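First comes the structure, then the notes that go with it.
The values are calculated or read from the model by the stated rules, or taken from the named source; none is laboratory data. From a predicted model like this one, the values you see are computed outputs, not experimental measurements. Positions of Cβ are generated from backbone atoms using ideal geometry, with glycine treated the same way; all protein chains shown enter the neighbour counts. Side chains are part of the model used for accessible areas, which takes the heavy atoms of the whole protein and leaves out ligands, DNA and RNA. Shrake-Rupley method; radii C 1.70, N 1.55, O 1.52, S 1.80 Å.
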Amino acid sequence: MKVQLSDAAKQAIRDVAPLIDQDKWAKIYTLFHEWAYINDQHSLKSFEIGQITKFFEKECDIDILSQLKIIPRRFHIADQDIIEFVIPDHIEMIDDSAFRNCHRLSKLVIPTSIQSIGTETFYGCNDLEYIEYKGTMEQWNLISKDYKWWTRGKIWDTRIVKCSDGDVEYD
């Protein structure tokens, strides 16, 4: 059974390759295929970056996110384990659907290094009542945001970004 990787997952593996001793690659390859089968046995069509990240963190003690400047598309799609997430300070972009359908995500902290947020990044994050932003409201407003960057599926909900000097509300 062949595991197909998304483009973001392939790039992440290329980025961390220099960090891994060559003698470990055969073991990693075997472990990954076993892990892939156990964790996604009903659909091995494509492995997304979030799944690759979990594998490398658990089995290889390598933090892929520390090697990236963006949180890739579909990074934590439908991840029911994620309840709280603090985006590292070196991240510059949150790509489309990065946290899509993470229904249990209730706390998210965004650093001032973020320059853009993609479309439907937080779609379906129904427990996410507000986002904590480490900068000011003025800094927040300078971030490029797709017009559907935070849709919760309920258009009447007010969404709040808590900045260091006040709150920004979206209806």
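Name the residue that is farthest from THR112 (Cα to Cα), counting only residues in region 130-143 that are outside any loop (DSSP other than H, G, I, E, B) and among the hydroxyl-bearing types (Ser, Thr, Tyr). Working first, answer last.
Within region 130-143, the first condition is being outside any loop (DSSP other than H, G, I, E, B), and the residues that meet it are 130-133, 137-142.
With among the hydroxyl-bearing types (Ser, Thr, Tyr) added as a condition, the list becomes 130, 133.
Values: TYR130: 16, TYR133: 7 Å.
Checking each candidate, the answer is TYR130.
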Hey, ARG73 open to solvent by less than 70 Å² (accessible area, probe 1.4 Å), of a type in the set (Lys, Arg), out of contact with any His (no Cβ under 7 Å at 6 or more places or on another chain) and in a loop (DSSP other than H, G, I, E, B) or not: no
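Please determine, by comparing only the residues of region 76-86 that are of a type in the set (A, V, I, L, M, F, W, C) and out of contact with any strand residue (DSSP E or B) (no Cβ under 9 Å at 6 or more places or on another chain), which one is surrounded by the fewest Cβ atoms within 10 Å (Cβ to Cβ).
Applying the first criterion (of a type in the set (A, V, I, L, M, F, W, C)) to region 76-86 yields 77-78, 82-83, 85-86.
Imposing the further condition that a residue be out of contact with any strand residue (DSSP E or B) (no Cβ under 9 Å at 6 or more places or on another chain) reduces the set to 77-78, 82.
Working: ILE77: 18, ALA78: 14, ILE82: 19.
Out of the qualifying residues, it is ALA78.
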Looking at ASP167, ASP127, ASP89, ASP96 in this structure, which one is modelled with pLDDT of 85 or more, part of a loop (DSSP other than H, G, I, E, B), farther than 25 Å from SER66 by Cα and open to solvent by 30 Å² or more (accessible area, probe 1.4 Å)? ASP127
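Keeping to region 104-115, report how many residues are over 16 Å from GLY135 (Cα atoms) and surrounded by fewer than 16 Cβ atoms within 10 Å (Cβ to Cβ). Quick ask: steps written out before the conclusion?
Here is the first cut: in region 104-115, the ones over 16 Å from GLY135 (Cα atoms) are 104-107.
Filter again for surrounded by fewer than 16 Cβ atoms within 10 Å (Cβ to Cβ), leaving 104, 107.
Result for region 104-115: 2.
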Which residues, taken from region 67-82, are under 24 Å from ILE143 (Cα atoms) and either modelled with pLDDT under 70 or over 12 Å from the mean Cα position of the chain (by Cα) (or both)? GLN67, ILE77
When (1) in contact with a strand residue (DSSP E or B) (Cβ under 7 Å, 6 or more places away or on another chain); (2) closer than 23 Å to ARG74 by Cβ are applied to HIS103, the one that fails is (1)
